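The values are calculated or read from the model by the stated rules, or taken from the named source; none is laboratory data. Please read all numbers here as calculations on a predicted model, not as lab measurements. Here the Cβ positions follow ideal geometry from the backbone for every residue, glycine too, while neighbour counts run over all protein chains shown. Heavy atoms of the whole protein, side chains included, go into the accessibility calculation; ligands, DNA and RNA do not. Shrake-Rupley method; radii C 1.70, N 1.55, O 1.52, S 1.80 Å.
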2 protein chains.
Amino acid sequence: MTDSKRLTALLPIAGWLKTYTRQDLNSDFFAGIITAILLVPQGIAYAILAGLPPQLGLYASILPPILYALFGTSRTLSVGPVSIAAIMIASALNEPEISALGNPVQSALILSAESGLIMLLMALFRMGGLVNFISHPVLTGFTSGASILIIGNQLPQLIGLKIPTCGFDGTCYRDYFLGYNSTTLLIGLAAVILLIFFGKPLTSLLKKAGFKLSLVTAISKCGPLLTVLLATLAVSYFGLTAHNKVAVVGLVPSGFPALSLDFIAIERWRMLLPSAAFIALIAYVESVAIAKVTANLRGEKIEPNQELIALGAANLVTAISGGMPVAGGFSRTMVNFTAGARTQMAMLIAAGILALSVIFFSPWFENIPKAALAAIILVAIIPLVRLENILHLWCYDRGDCTAETVTLLGVLVLGIEEGITLGIILTLVNQLRKISRPHIAVVGRIPDTSHYRNAKRHSVETWHHLLLLRIDESISFANTDYIEGFIASELIQQPDIKHIILIFTSVSDVDTTALEVLESLNHALQASQITLHLSEVKGPLLDKLERTDFFKKLKPGKVFFHTEDAVKELA
Amino acid sequence: MTDSKRLTALLPIAGWLKTYTRQDLNSDFFAGIITAILLVPQGIAYAILAGLPPQLGLYASILPPILYALFGTSRTLSVGPVSIAAIMIASALNEPEISALGNPVQSALILSAESGLIMLLMALFRMGGLVNFISHPVLTGFTSGASILIIGNQLPQLIGLKIPTCGFDGTCYRDYFLGYNSTTLLIGLAAVILLIFFGKPLTSLLKKAGFKLSLVTAISKCGPLLTVLLATLAVSYFGLTAHNKVAVVGLVPSGFPALSLDFIAIERWRMLLPSAAFIALIAYVESVAIAKVTANLRGEKIEPNQELIALGAANLVTAISGGMPVAGGFSRTMVNFTAGARTQMAMLIAAGILALSVIFFSPWFENIPKAALAAIILVAIIPLVRLENILHLWCYDRGDCTAETVTLLGVLVLGIEEGITLGIILTLVNQLRKISRPHIAVVGRIPDTSHYRNAKRHSVETWHHLLLLRIDESISFANTDYIEGFIASELIQQPDIKHIILIFTSVSDVDTTALEVLESLNHALQASQITLHLSEVKGPLLDKLERTDFFKKLKPGKVFFHTEDAVKELA
């Protein structure tokens, strides 16, 4: 590797900055502004969703994307506060022993720092491949479950419900449904309608009217900001904050966040570690999944281990600058991408705009009604609940369907971390179950060819003293038992068999247990005057077996290059 | 299934009793006596090894083998106290919170009852296949580790060491090595020499002298009994029990064990449950492994789920009759088998002899020196330490070697249960690691044939616009990432590729994640004017994929029956 390549691998920004053009800057500048417009309300909303003061979401939108821009391999991933991580933070902060400690802001900063350190450790041990242990059905089930939790968390905000403290007399139930606040509900519903209108309806309207595509995108992305602006104006104009009629964001401290390492001294690192590990895992997996979607569309490449470094650095810096944990977010990234971002320069510009808005405009955020923010979250999150997917899976793969359903129900009933753990374990067990009952085909020759196919599916030639078996899986401790049983029952059905030929087209490995079982099987067969042969053994496996004395023990059994050779010699 | 077959499946004894002959009885009678001669000293020795009074081993040798004879599918497995289970019981009873409760006999009875119930539950849920989750290397590592623990436990008994209670001044270290007892050491060494002599040396001597084989077997199996007899006579004659010169077994209660359900009322079931689960698992796995060895030699068949029922019943009855947990033992089974046992009748006879000896001879057991029993255990256990196996494995399969080493060290350093858990987890991770980096071969045609082989290993025809890839593993969430990466890097190296043909000879399954990845890969390839095709898709997978719209999305890509068809059309 040349020095320049090594630099680009470590600092991907060095790669694209060298060839950066004026056109790139034009595109990125436009995309950066559009994205920033979304990020202000989103940052505040996700901080509130996590149960934190609004500035933690804003601070998390400034320095983390800059760090990601330096180290990340995706050119369009937008890193900052995201909804799924926010609900995981809320769940961690609400655990009795954590909430008993008070000061949720300190806990949130430790979560940021810990998940950053965990990601960097994972990068050190090159554990980027860990993403392979979470299957899509588990991730979908998890996302649906977490989204439902978010909806349950935000709906009361939208309609102004006061969650009652229930007495034992059961009156609270009735109170719950009567406890909404009509002013809040009005604002919430108006916000939802406005947001939905700014989606597809407005886009197609503008397109029909012949507007330029970039302008259409720009206008449609302003929905959240406009919603927040209108709602805030309404609150201020009508004085709706009086008598707690409408809940608002409240005071947001002015100015740039002070960098601080104070959180290091706080003694709750150990208690928060398990939650931080799950946040790190999910933040990483979701970020890489989103980064891949956009990279595939542009023919770019994502480097999982480098992503761990970039996301780890982003989470460490969010802790230092007083922000909540960050990840690559789906909606923020898609806005950035569709607004035409070409490189991470767009996110640098967006971060700059956010920094300015925090310094100059934070007094304006005080009267933003929470109902408007809840509307933004709900409209963004509802499409992530993909229950129809479960029915679809049922037809294709029962195991995957079970894993998705269990993960979803686990998240809802047992908790976020328990649900994902259950899902991962279930996929691993499924995987082993598949391996432990491999498909084994009794094969025969398709007449007038040298091709061998399943005797149950094709009309083939067979020979009464030859048993040709194709084992469709690597042989390992997990399935030797099943394979032995299969051969034993075939021999009972076909007592004339004198030669068994195991066709190894699908056998990529024979582990120690399997080797021992094959040896004892061969021994037992020899005692019954039956000879065991192998055919079509693949190169790497042949090398491995030749290092043992297995082929010597197999004699007079042979290893044939083609199954056809075996049949010619033995038939 | 006919009524008679159903009866035989539930009570295998009904199967062989119907055809039982006079010759069978002669063989079984002889084998039963020989086995009983071994079982008396072994039963006492293993009870002492477990830290229990000697009668718990004797009682465990009477009713449990009778229950196994009724329900078990092995004709020669000898069920009773075994060394590995004994050391696991000792480890469970020595746990601080268990030993603090006092009365280890009660704890042992609960362990018996619980492991019996766990086995029956496993049988109910047809979990006999669980044996597939423990690979041979893990089992070997576990056996070696447990054997080393047993040696460490028994060596002090052999040489009469008093394990000193150490002061802080460090004197105990010197005391330890001076603390042996020369009389005990003499008895111990004499016993070891006698036992070794009764093994191979005596057998080959008698064979050379022209004795009948059955007589040779009978004489050589008397070694343990003769050792115990001579040692006991020496102790009694020289009055060695005075001044605690030589530790002896002590009083063994006379008479048949009283059946009792008292242990049910004791409140420590929950605390012992984890240990009981591990004992049940190991007892089951070891028993089935041993049963299979002898069944293979005779062409008989072991039914895992029925074994769970038989071993579960045996463990329940050992609890009721005041015995320690039982399993199928290796040395006891091999003695029974080589002495010529044809059916479980041999064990019924052995159990009868043990019952008589407990009723009439138990006063004789009092002066058996523990050193002689330690010698019996050590001579039996040392061959089970198979460290050379690790070196052997190193060459064949690194993953299996690591699993065996970690299990062994885990047992020694962390504890028995921790070691086996670690081993099982490691094999599962190894399995996934293998799946996640499948072998992928770029293949070409062997000239003048229709066979396609790895281009790196054979000289083959290739085409500059065709990429033929054989993926040697089922495609699943664990390896889609790797496969995508492989294809991407091939395309960079060969920019002229217009068609990619994935050869599915080794692909038995495509899970949901893999299907989604294949769809998005196909989408991305189409955008680059590259067509994706499949060939040699196996029947069950073809059916599964046809239930989706994947083949429609693949168009103009096709599914070819033979790779040759694809090449003919596209080359």
For this session: Looking at (1) farther than 29 Å from A:ALA50 by Cβ; (2) in a helix (DSSP H, G or I); (3) modelled with pLDDT of 90 or more, find the lone condition where A:THR402 falls short.
Result: (3)
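Which residues, taken from the stretch B:387-406, are open to solvent by less than 70 Å² (accessible area, probe 1.4 Å) and either more than 13 Å from chain A (Cβ to nearest Cβ) or under 19 Å from B:ILE150 (Cα atoms) (or both)? Walk me through how you get there before you give the answer.
Just the residues of the stretch B:387-406 that are open to solvent by less than 70 Å² (accessible area, probe 1.4 Å), to begin with: B:389-390, B:393, B:396-397, B:399-406.
B:GLU404, B:THR405, B:VAL406 - these are the residues of the stretch B:387-406 that are open to solvent by less than 70 Å² (accessible area, probe 1.4 Å) and either more than 13 Å from chain A (Cβ to nearest Cβ) or under 19 Å from B:ILE150 (Cα atoms) (or both).
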Exercise. Looking at the stretch A:474-485, is at least one residue buried (at least 22 other Cβ atoms within 10 Å of the Cβ), on the phi < 0 side of the Ramachandran plot, among the charged types (D, E, K, R) and at pLDDT below 90?
Worked result: no
Seminar exercise, completed: The condition from (1) open to solvent by less than 60 Å² (accessible area, probe 1.4 Å); (2) under 23 Å from B:PHE142 (Cα atoms); (3) of a type in the set (A, V, I, L, M); (4) modelled with pLDDT of 85 or more that B:LEU409 misses is numbered (1)
For this session: With respect to B:GLN526, determine if the residue is more than 26 Å from B:SER450 (Cβ to Cβ) and more than 10 Å from every other protein chain (Cβ to nearest Cβ).
Result: yes
Problem set entry | Residue among B:ILE66, B:ILE62 that is buried (at least 24 other Cβ atoms within 10 Å of the Cβ), of a type in the set (A, V, I, L, M) and under 27 Å from B:GLU303 (Cα atoms) | B:ILE62
Exercise. Among all residue pairs at least 6 apart or on different chains, which show Cβ distances below 9 Å where the first residue, located in the stretch A:216-243, is under 24 Å from A:SER204 (Cβ atoms) and the second is crowded, with 21+ Cβ neighbours inside 10 Å and hydroxyl-bearing (Ser, Thr, Tyr)?
Worked result: A:LYS221/A:THR35
Problem set entry | Residues within the stretch A:487-500 that are assigned to a helix (DSSP H, G or I) and surrounded by fewer than 17 Cβ atoms within 10 Å (Cβ to Cβ), tallied | 6
For this session: Return the residue satisfying two criteria in turn: it lies in the stretch A:144-181 and is open to solvent by less than 80 Å² (accessible area, probe 1.4 Å) and touching a Cys at 6+ places or on another chain (Cβ under 6 Å), and of such residues it is modelled with the lowest pLDDT.
Result: A:CYS172
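Looking only at residues that are part of a helix (DSSP H, G or I) and in contact (Cβ under 8 Å) with a residue 60 or more places away in the chain in the stretch B:376-386, which one is farthest from the other protein chains (Cβ to nearest Cβ)? Give the steps one after another, and end with the answer.
Here is the first cut: in the stretch B:376-386, the residues part of a helix (DSSP H, G or I) are B:376-384.
Among the residues that remain, those that are also in contact (Cβ under 8 Å) with a residue 60 or more places away in the chain are: B:376-382, B:384.
Numbers: B:ILE376: 29, B:ILE377: 27, B:LEU378: 27, B:VAL379: 26, B:ALA380: 23, B:ILE381: 22, B:ILE382: 22, B:LEU384: 16 Å.
Across the stretch B:376-386, the extreme among qualifying residues is B:ILE376.
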For this session: Check B:ASN305 against each of (1) open to solvent by less than 10 Å² (accessible area, probe 1.4 Å); (2) assigned to a helix (DSSP H, G or I); (3) polar (S, T, N, Q) and name the one condition it does not meet.
Result: (1)
Exercise. Since B:ALA341 meets every condition but one in (1) farther than 25 Å from B:THR421 by Cα; (2) part of a helix (DSSP H, G or I); (3) among the aliphatic types (A, V, I, L, M); (4) open to solvent by less than 50 Å² (accessible area, probe 1.4 Å), which condition does it not meet?
Worked result: (2)
Exercise. How many residues does the stretch B:456-471 contain that are buried (at least 23 other Cβ atoms within 10 Å of the Cβ) and within 11 Å of chain A (Cβ to nearest Cβ)?
Worked result: 1
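Applying the selection to the stretch B:432-468, what residues are of a type in the set (Gly, Ala, Ser) and touching a Ser or Thr at 6+ places or on another chain (Cβ under 7 Å)? If you could, list the steps in order and put the result at the bottom.
Just the residues of the stretch B:432-468 that are of a type in the set (Gly, Ala, Ser), to begin with: B:436, B:441, B:444, B:450, B:455, B:459.
Across the stretch B:432-468, the qualifying residues are B:GLY444, B:ALA455.
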Seminar exercise, completed: Here the residues within the stretch A:512-564 that are open to solvent by less than 60 Å² (accessible area, probe 1.4 Å), charged (D, E, K, R) and either assigned to a strand (DSSP E or B) or at pLDDT 90 or above (or both) are A:GLU519, A:GLU536, A:LYS544, A:GLU564
For this session: Out of A:GLY51, A:GLY128, A:GLY32, report the one residue that is in contact (Cβ under 8 Å) with a residue 24 or more places away in the chain and within 14 Å of another protein chain (Cβ to nearest Cβ).
Result: A:GLY128
Exercise. A:ARG22 fails exactly one of the following numbered conditions: (1) at pLDDT below 95; (2) buried (at least 24 other Cβ atoms within 10 Å of the Cβ); (3) within 24 Å of A:ARG298 (Cα to Cα). What is the number of that condition?
Worked result: (2)
Problem set entry | Among residues of the stretch B:189-228, those that are within 12 Å of B:ILE376 (Cβ to Cβ) and assigned to a helix (DSSP H, G or I), counted | 11
Exercise. Before we move on, is A:GLY250 open to solvent by less than 10 Å² (accessible area, probe 1.4 Å), touching a residue at least 40 places away in the same chain (Cβ under 8 Å), under 30 Å from A:LEU101 (Cβ atoms) and not in a helix (DSSP H, G or I)?
Worked result: no
Problem set entry | Positions within the stretch B:423-441 being buried (at least 20 other Cβ atoms within 10 Å of the Cβ), within 9 Å of chain A (Cβ to nearest Cβ) and under 22 Å from the mean Cα position of the chain (by Cα), in sequence order | B:THR427, B:ASN430, B:GLN431
Exercise. Can B:THR21 be described as among the polar types (S, T, N, Q) and without any contact (Cβ under 8 Å) to a residue 12 or more places away in the chain?
Worked result: yes
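Test A:GLY419 against the stated conditions and say whether it is modelled with pLDDT of 85 or more and away from every other protein chain (no Cβ under 12 Å). Step through it out loud before you land on a result.
Details: modelled with pLDDT of 85 or more: yes; away from every other protein chain (no Cβ under 12 Å): yes.
So A:GLY419 passes the test.
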Problem set entry | Residue under evaluation A:ASN367, criteria (1) more than 16 Å from B:LEU515 (Cβ to Cβ); (2) more than 12 Å from every other protein chain (Cβ to nearest Cβ); (3) out of contact with any strand residue (DSSP E or B) (no Cβ under 9 Å at 6 or more places or on another chain), criterion not met | (3)
Seminar exercise, completed: Scanning the stretch A:223-246 residue by residue, the ones that are open to solvent by 60 Å² or more (accessible area, probe 1.4 Å), closer than 16 Å to A:PHE365 by Cβ and of a type outside the set (S, T, N, Q) total 5
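Among the candidates A:SER61, A:SER78, A:SER74, A:SER27, single out the residue that is small (Gly, Ala, Ser), within 21 Å of A:LEU316 (Cα to Cα) and touching a Lys or Arg at 6+ places or on another chain (Cβ under 6 Å). Please lay out each step first, then the result.
Values: A:SER61 fails: touching a Lys or Arg at 6+ places or on another chain (Cβ under 6 Å); A:SER74 fails: touching a Lys or Arg at 6+ places or on another chain (Cβ under 6 Å); A:SER27 fails: within 21 Å of A:LEU316 (Cα to Cα).
Residue meeting the stated conditions: A:SER78.
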For this session: Could you please find all residues in the stretch B:268-302 being within 30 Å of B:GLN106 (Cβ to Cβ), crowded, with 22+ Cβ neighbours inside 10 Å and within 14 Å of chain A (Cβ to nearest Cβ)?
Result: B:TYR284, B:VAL288, B:ILE290
For this session: Could you give me the residue pairs with C-beta distances under 6 Å whose first residue belongs to the stretch A:448-459 and is over 21 Å from B:ASP543 (Cα atoms), whose second residue is at pLDDT 90 or above and acidic (Asp, Glu) wherever it lies, and which are 6+ apart or on separate chains?
Result: A:SER450/A:GLU564
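Would you check if there is a residue in the stretch A:505-513 being more than 10 Å from chain B (Cβ to nearest Cβ) and within 22 Å of B:LEU297 (Cα to Cα)?
Within the stretch A:505-513, none of the residues are more than 10 Å from chain B (Cβ to nearest Cβ) and within 22 Å of B:LEU297 (Cα to Cα).
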For this session: Kindly indicate whether B:MET347 is open to solvent by less than 20 Å² (accessible area, probe 1.4 Å), aliphatic (A, V, I, L, M), modelled with pLDDT of 95 or more and in a loop (DSSP other than H, G, I, E, B).
Result: no
